[in-house]
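Structure record follows, encoded as structure tokens.
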Amino acid sequence: MDFQLPQKHSATQTTIFTQMSTLAQAHNAVNLSQGFPDFDLDATLGAFLAEGSSSGFNQYAPMAGLPMLRGSIATDILLRYKVLINADSEITITPGASYAIYTALTTILCAGDEVIILEPAYDCYLPSIEMNGAMAIAVTLNTTDFAPDWQKVKDAITNKTKAIIVNTPHNPTGRIWTMEDWNQLAEIIRDTSIYVVSDEVYEQLVYDGAAHFSALQHPELSTRSFVVYSFGKAFHNTGWKVGYCIAPVHLTKAFRHIHQFIAFSVNTPAQYALAKHLQLTDKLPACQLLEAKRNHFIAAMTQTPFKLLAPSKGSYFQLASYAHFSHLPDKEFAIMLTEKFGVATIPVSAFYSNGFDNKLLRFCFAKKEETLNAAVERLAKIEF
């Protein structure tokens, strides 16, 4: 008997991140593709994980998350953003940020709804929308500075529009939203019932003295927003897969109604460790470490033929162009770069639903200096 499985979304292959990391491993390449650090996490955080396990934090945590972690998050948000969040009714701990984005969309979407995504966009957005029977409406960011074209956003809204996904700091471009961006969005959706799903996983990684503006800080938009965070990005422990979602009480209640039947609970000793770590007052700001790595990478890349775009203002990533020395499509070029020169990157066309190719690659600089140096040494051998 021929069993036919339903096609839940339009993606037909494994993610580009899996593809390029697998290729990197096969060719012993320096992996600057997937966004994960190759350096150790803070030793104190690791010690707290062991402490949590040895102290009995090994069984199911409450569905919403350990109260001590939710309390620590609320205190942290108040200190950093001057926003008062109710730890009991507005914060939910999740097994990673992608899960939180999917659950937020599942909370609000019905078949036939539309969700606006701003491309280039992280590749989990479109499948998460389609798996809920909805349709992603792609609006392309400006190709020069990757700012939103607000007229295009406004024109994309229909009576089926249920939500818009915002990502700041932006993956893959490193652009950060200003308060004016948030004000523009608020004006456009003011008289609608459109929700905002705000992906802010890199919120603690902003550079050059810039400030991250959160949807939580916008009095009007915060009442209709699911705001998603990642401890993996903030504390360089992506393998722990712990994130959280902050939303108003009525949205959090609906979010948890879905969450309780998908994951229910999140790694308890990790929650304990993160709660204790958040309470420390002498932590090195994550942005300080990563800004130094960004600067090192940008300076080193002058030895290569690549032309770097404007320095990343946030995230783990820096974009670079090869258009002046090769006409290969970006995925072909990225594969060639991995196989021939031993450096894995991500082709930016993977972040567009239509595969738009502007001859750009995304490099992850969240690596040890010796890793970055090894990559640049190989890239410097490219001749054109």
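Cα convex hull, region 154-204: 90 Å³ per residue, rounded to a whole number.
With neighbours defined as other Cβ atoms within 10 Å of a residue's Cβ, the residues Ile176, Ile382, Ile262 order from fewest to most as Ile262, Ile382, Ile176. Put in line by how crowded their Cβ is, counting other Cβ atoms within 10 Å and starting with the fewest, Ile77, Ile137 read Ile137, Ile77. Using the Stokes-Einstein relation with a Kirkwood hydrodynamic radius computed over Cα pairs, the translational diffusion coefficient of the chain at 37 °C and a viscosity of 0.692 mPa s comes to 152 µm²/s. Here the Gaussian network model covers the chain, with springs between Cα atoms less than 10 Å apart; of Thr302, Thr238, Thr107, Thr302 fluctuates the most. Note on Ser10 and Asp282: their simple-model spin labels are 5.3 nm apart, each label 7 Å out from Cα toward Cβ.
What does the C-alpha gyration tensor say about the overall shape of region 202-244? Classify as rounded when a/c is under 1.5, otherwise prolate if a/b is larger than b/c, or oblate. Because a/c hits 1.5 or more and a/b fails to exceed b/c, region 202-244 counts as oblate. For Asn159 and Lys82, a Förster radius of 45 Å and the Cβ-Cβ distance give a FRET efficiency of 0.80, rounded to the nearest 0.05. Calculated on the alpha-carbon coordinates, the convex hull of region 17-146 measures out at 209 cubic angstrom per residue.
Taking the convex hull of the alpha carbon positions in region 19-91 and averaging its projected area over all directions gives 8.1 nm². Of the peptides 41-53, 362-374, 21-33, the ranking by mean beta-carbon count within 10 Å, highest at the top, reads 362-374, 21-33, 41-53. Above 15 Å, the calculated P(r) of region 226-312 contains 72 percent of its Cα-Cα pairs. Here the label points at Thr178 and Arg190, each 7 Å from Cα along the C-beta direction, are separated by 2.0 nm in the simple model. Determine, from the Cβ-Cβ distance of His27 and Leu328 and an R0 of 22 Å, the FRET efficiency 1/(1 + (r/R0)^6), rounded to the nearest 0.05. According to the calculation, E is roughly 0.80. In terms of the mean number of neighbouring beta-carbon atoms within 10 Å, the peptides 61-70, 166-175 order highest first as 166-175, 61-70. Listed cross-link partners Lys82/Lys276; Lys331/Lys367; Lys160/Lys359; Lys8/Lys160; Lys82/Lys154; Lys233/Lys293 are compared with a 25 Å cut-off, the Cα-Cα value being larger for Lys160/Lys359; Lys82/Lys154.
Efficiency by 1/(1 + (r/R0)^6): what FRET value for Met336 and Leu309, r their Cβ-Cβ distance, R0 = 25 Å, to the nearest 0.05?
E between Met336 and Leu309, to the nearest 0.05, is 0.75.
Rg/Rh, computed from the Cα trace of region 94-161 with Rh as the Kirkwood radius, has the value 1.00. Within the listed set Lys253, Lys241, Lys283, the Gaussian network model of the chain (springs between alpha-carbon atoms below 10 Å) gives the highest mean-square fluctuation for Lys283.
When peptides 321-331, 212-222, 91-101 are ranked by their average number of other Cβ atoms within 10 Å per residue, the highest-first order is 91-101, 212-222, 321-331.
We did not get these values from a lab; they are worked out from the coordinates using the rules stated. In this text, all values refer to a predicted model and were calculated from it rather than measured experimentally. When we count neighbours, we look across all protein chains shown, and the Cβ atoms used for this are built from the backbone with ideal geometry, even at glycine.
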